[in-house]
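For reference, the structure is listed below as structure tokens.
The values are calculated or read from the model by the stated rules, or taken from the named source; none is laboratory data. Everything numeric in this text was worked out from a predicted model, so none of it was measured. Positions of Cβ are backbone-derived with ideal geometry, glycine not excepted, and every protein chain shown enters the neighbour counts. For accessibility, only protein heavy atoms count, side chains too; no ligands or nucleic acids. Shrake-Rupley method; radii C 1.70, N 1.55, O 1.52, S 1.80 Å.
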Amino acid sequence: MTSLSFTHRYEAALTEGLPPLLLLHGTGGNEDDLLPLGRAISPGSALLSPRGKVLENGMPRFFRRLAEGVFDEDEVRMRALELADFVVEAREAYGLGELTAVGFSNGANIAAAMLLLRPESLAGGALLRAMVTLKNAPIPDLTGKRILLLSGASDPIITPDNAAQLAASLRDAKADVVAHTLPTGHGLTQQDVTLTHQWMLNKRT
Ligand code: MLT
């Protein structure tokens with residue numbers, strides 16, 4: 001679907017009362033990528049899945065980067081606010097309650113930036129393979145926001161220190177953070193799906 005300010009897919013809820021999800025793909029993904037993950041971790045939830053507007057060698061992303069792991073913070077800020085505006089638009093268009101982000105890699109990074117810069121845009125989020133993109137991020141009040149951080153012990157892109165730093169900054173902002181380091185790399189595994197599903201059911205994982 002190309003209406004609204006981002007090309008996106010929308011699947012209406014099949015069951016009332018479940019949190020709607022904002023699905024945010026990784027570099028080179030698109031709006032179709034995370035629909036199966038969304039259906040698996042919260043069957044029956046409404047799914048809103050935008051496509052990143054930036055192209056890196058033809059690969060969609062949610063913000064431009066200078067190199068792998070090197071970010072232009074002004075760009076990250078601008079794109080996070082742009083996506084937060086889309087969330088407002090889409091919630092109105094589809095009559096949705098507060099969205100929980102489920103982001104992978106670049107999608108997890110933009111979700112973290114949205115939580116730090118426009119906290120009211122999300123109820124919380126499952127951030128799969130997220131890293132620090134904003135060195136001078138504000139410390140908003142994230143009280144009541146549930147955040148799941150799943151990192152890979154042998155992730156070649158994100159060091160364990162970097163993931164721990166992101167968890168610390170979200171905890172400083174008083175978010176309810178659950179963080180796990182899984183015995184894997186950057187790619188998602190069945191354990192990511194299982195842990196995120198349990199977290200969605202509001203179980204401590
Ligand atoms: C990013 O650029 O957001 C991170 O390096 C993750 C990635 O997309 O590779």
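Here is how the numbers come out for the structure above:
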{"quantity": "The lone exception for I41 - which of (1) away from the ligand (no atom under 16 Å from the Cβ); (2) free of Cβ contacts under 8 Å to residues at least 60 places away in the same chain; (3) not polar (S, T, N, Q) it fails", "calculated": "(2)"}
{"quantity": "Search result, residues across the range 155-185 that are out of contact with any Ser or Thr (no Cβ under 7 Å at 6 or more places or on another chain), part of a loop (DSSP other than H, G, I, E, B) and not β-branched (V, I, T)", "calculated": "D155, P156, A173, A175, P183"}
{"quantity": "Sole residue being in a loop (DSSP other than H, G, I, E, B), touching a residue at least 24 places away in the same chain (Cβ under 8 Å) and away from the ligand (no atom under 15 Å from the Cβ), chosen from E31, E16, E82", "calculated": "E31"}
{"quantity": "Among (1) at pLDDT 95 or above; (2) over 8 Å from the mean Cα position of the chain (by Cα); (3) over 17 Å from K174 (Cα atoms), the one test that G103 misses", "calculated": "(2)"}
{"quantity": "Test: residue in the range 139-150 that is free of Cβ contacts under 8 Å to residues at least 24 places away in the same chain and more than 16 Å from the ligand (Cβ to nearest atom)", "calculated": "no"}
{"quantity": "Residue in the range 188-201 that is surrounded by the fewest Cβ atoms within 10 Å (Cβ to Cβ), counting only those that are without any contact (Cβ under 8 Å) to a residue 24 or more places away in the chain and not in a helix (DSSP H, G or I)", "calculated": "L201"}
{"quantity": "Candidates S121, S154, S169, filtered to the one that is touching a helix residue (DSSP H, G or I) at 6+ places or on another chain (Cβ under 8 Å), without any contact (Cβ under 8 Å) to a residue 60 or more places away in the chain and either over 23 Å from N30 (Cα atoms) or open to solvent by 20 Å² or more (accessible area, probe 1.4 Å) (or both)", "calculated": "S169"}
{"quantity": "Single residue of L23, L48 found to be surrounded by 23 or more Cβ atoms within 10 Å (Cβ to Cβ), within 22 Å of D176 (Cα to Cα) and touching a Leu at 6+ places or on another chain (Cβ under 9 Å)", "calculated": "L23"}
{"quantity": "Any hit, the range 112-135, residues being over 16 Å from the mean Cα position of the chain (by Cα) and more than 16 Å from the ligand (Cβ to nearest atom)", "calculated": "no"}
{"quantity": "Residue among A164, A173 that is modelled with pLDDT of 95 or more and under 26 Å from M78 (Cβ atoms)", "calculated": "A173"}
{"quantity": "Residue list for the range 31-50, filter: under 13 Å from V193 (Cα atoms) and of a type in the set (A, V, I, L, M, F, W, C)", "calculated": "L34, L35, L37, A40, I41"}
